[in-house]
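Shown next, in structure tokens, is the structure this report addresses.
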Amino acid sequence: MAKAKPKSVIVNVDDQGRQDIQNVAAQLAAKGMTIEHVLANTGVITGTCPANKFNNLKSVAGIQHVGEDPIMTIPPGDAPQ
């Protein structure tokens, strides 16, 4: 069976979670998320996660919202329209 491509994930942390955002990130990692960035000032954690573990992330205390990070591709300026 082919391995599924991980989802890009963005997590918004609530006010309580922001007080110890590194702990929230560690809990997300324990649930299967690979942490890429912890943005303490904005309360955002980004990374990737296998699709089958995505819903598990929502059970971490201190989380306001878990969503897929949309990946956008912008063509070069000289690309035909």
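The values are calculated or read from the model by the stated rules, or taken from the named source; none is laboratory data. The shown structure was predicted, so the numbers you read here are calculated from the model rather than taken from an experiment. Here the Cβ positions follow ideal geometry from the backbone for every residue, glycine too, while neighbour counts run over all protein chains shown.
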Which residues, counting only those in region 1-22, are in a loop (DSSP other than H, G, I, E, B) and touching a strand residue (DSSP E or B) at 6+ places or on another chain (Cβ under 6 Å)?
Pro6, Asp14
Residues (at pLDDT 95 or above, aliphatic (A, V, I, L, M) and assigned to a helix (DSSP H, G or I)) located in region 23-55:
Val24, Ala25, Ala26, Leu28, Ala29, Ala30
Condition set of a type in the set (Val, Ile, Thr) and in contact with a strand residue (DSSP E or B) (Cβ under 8 Å, 6 or more places away or on another chain), scope region 34-59, selection surrounded by the most Cβ atoms within 10 Å (Cβ to Cβ): answer is Ile45
Single unsatisfied condition, Pro75 versus (1) under 14 Å from the mean Cα position of the chain (by Cα); (2) in a loop (DSSP other than H, G, I, E, B); (3) not charged (D, E, K, R):
(1)
From the set of residues in region 43-61 that are closer than 11 Å to Val11 by Cα and among the polar types (S, T, N, Q), which is farthest from the chain's Cα centre (by Cα)?
Thr48
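Among the residues of region 1-30, write down those that are basic (Lys, Arg) and touching a Cys at 6+ places or on another chain (Cβ under 8 Å). Outline the logic, then answer.
Taking region 1-30 first, the residues basic (Lys, Arg) are 3, 5, 7, 18.
Of everything in region 1-30, just one residue is basic (Lys, Arg) and touching a Cys at 6+ places or on another chain (Cβ under 8 Å), namely Lys7.
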